[in-house]
Amino acid sequence: MSFFLKTEDEYEDLLGLWSDLEAGLSMLLLHPQNAKEFAARILQYDRWMQNLIQHDTDVALYLLFQLASHSPVGYSASHALVCAVLCHLVAREIQLPQTERDSLVHAALTMNIAMTGLQNQLAIQRGRPTPEQEVALRTHEARGEDLLRTLGIDDALWLQTVLQHHQEASSSEDLLRLAALQRLTHILNVVDRYAAMISPRQSRAGRSATESAKSILASSSAQNNQIGQTLMQVVGLFPPGTYVQLDNATVGVVMRRRSQDKHPDIAIVLNDKGQLMRPPSLHSSCNGSPAITAALPASGVQEHLNHHLILQLGAQQG
């Protein structure tokens, strides 16, 4: 689907919708007992998320990766939303049954519900977790499942996936041959780790999406590798919204994936002296030089970019 953001108002409207979705999810996760119909709210946010992705997956990924990699404020809801989007795309790619897809995405949205406030705190905390925080981290899966039960969730697959989402794959069997619970927990485990790697903390910068992907793919587990490969198929080795170093010393931001995964469409935003380019220069890396030499973490680009202009230029490229 092509870029549809023709005006700055359209860009601001879409950015506002993603921000509103994240803010609403944050309030729900921080104060779940205040929700009159918790399950209905999760379904509402899931449909909202799907509608935003449906407009243009590249634009959705662009905004999400910018959101995930730039600010640790409100980390827990941002992380949950990124994981839910990635789980949705993976489920679609491997053609999970609708019921499994729903349980997976709803588990992604709620897996850290028992430690939402703590997760936000740790994202801005420079020191290591305290002993009390360590206990809360170790027990959050079981406490999360219990809390979801008290909130009226009766989807056993959703609940069990939340309970087991930190269990890593140990079998070499094909992902689609596993029992549903094993399949969903393995997908969520990999997606959770990948999304956490690209997100910044006060104690460390986020890693580049490409570095994070290579770390996942280097896993000795055949299932983790299978899920990692699927992730790369749906978001790309260089996902929209991520930064890349080019071989002529310029820096670009990826706008759109292409079938040739290592050659996405990019906007060159910094010249070879590290200065902001006004306007950015469009470049399809499949056409040759300058070529991508490395992905960069978001912390490597300090300049304030006009993302509306970048996406608008991308419409011309698409």
task = Within region 1-24, count every residue that is under 19 Å from His79 (Cα atoms) and either in contact with a Gly (Cβ under 9 Å, 6 or more places away or on another chain) or modelled with pLDDT of 95 or more (or both).
result = 2
ask   = Filter region 282-304 for residues that are among the polar types (S, T, N, Q) and within 20 Å of Val59 (Cβ to Cβ); which is modelled with the highest pLDDT?
value = Ser284
message = Condition check: modelled with pLDDT of 80 or more and under 15 Å from Asp247 (Cβ atoms). Does Leu309 satisfy that?
response = no
inquiry  = Going by what's in this entry, would Thr230 be described as in a helix (DSSP H, G or I), modelled with pLDDT under 75 and of a type outside the set (D, E, K, R)?
reply    = no
remark   = Of the candidates Ala179, Ala205, Ala209, the one satisfying the condition of being hydrophobic (A, V, I, L, M, F, W, C), more than 16 Å from Ala84 (Cα to Cα) and modelled with pLDDT of 90 or more is Ala179
query = If a residue has to be closer than 18 Å to Gly288 by Cα, part of a loop (DSSP other than H, G, I, E, B) and either among the polar types (S, T, N, Q) or modelled with pLDDT of 85 or more (or both) to count, how many in region 239-263 make the cut?
reply = 6
note = Only unsatisfied item for Ser219, checking (1) modelled with pLDDT of 90 or more; (2) part of a loop (DSSP other than H, G, I, E, B), is (1)
Region 285-312: number of residues that are without any contact (Cβ under 8 Å) to a residue 40 or more places away in the chain and either exposed (fewer than 15 other Cβ atoms within 10 Å of the Cβ) or among the aromatic types (Phe, Trp, Tyr) (or both) = 6
inquiry  = Within region 37-58, does at least one residue satisfy the condition of being over 16 Å from the mean Cα position of the chain (by Cα), in the same structural domain as Ala107 (by TED's automatic domain parsing) and crowded, with 22+ Cβ neighbours inside 10 Å?
reply    = yes
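The values are calculated or read from the model by the stated rules, or taken from the named source; none is laboratory data. This structure is a prediction, so every number in the text was calculated from the model and none was measured. Counting neighbours? That spans all protein chains shown, and the Cβs are built from the backbone with ideal geometry, glycine included.
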